[in-house]
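Below is one structure, written out as structure tokens, with a few remarks after it.
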Amino acid sequence: MAERIEVLETIVKALDSKRAEDIQVIKVGELTILGDYFVIANGTSTTHTKTLADEVEYKLSEIGEEPIHREGRGNGSSWIVLDYGDVIVHVFYKEVRDFYQLERMWADGEHVDISDWLKKE
């Protein structure tokens, strides 16, 4: 099993490589038993959202990480959740992300600086 920072970095780089928008990592372990980290990103369409989630799953499987649970993989999915136990990945369609505003719900969590993991344009 990979180190958790390696897992987070792999997720962020996978999302970034497929042009996910507004990628955020929030440390929530002291606020909930759901997990230690939430990774939140969005795509520009339901097809893009599925592509982002598929890329995360593929890249994590390469380092030996498989999701415990997946939610929202059907046609037209606007919110896909990949549960890796202590890391939960939320990939939204933009309008759905704007509606649910998970970042505000978990505003007391610690935002992780991911700037070193993103491609410089």
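Structural remarks
- The range 4-111 - Rg over Rh from alpha carbon coordinates, Kirkwood radius: 0.93
- Cleavage-rule hits, trypsin sites (Lys or Arg not before Pro), the range 32-105, DSSP coil, Cβ neighbours within 10 Å at most 14: R73
- T44, T51, T10 arranged by Cβ crowding within 10 Å, fewest neighbours leading: T44, T51, T10
- Other residues whose C-beta falls under 9 angstrom from the C-beta of L82 contribute a net charge of -2, scoring Lys and Arg +1 and Asp and Glu -1.
Bear in mind that the values in this text are calculations on the coordinates, not laboratory data. No experiment lies behind these values; they were computed from the predicted model shown. A quick note on method: Cβ atoms are made from the backbone with ideal geometry, for glycine too, and the neighbour counts reach across all protein chains shown.
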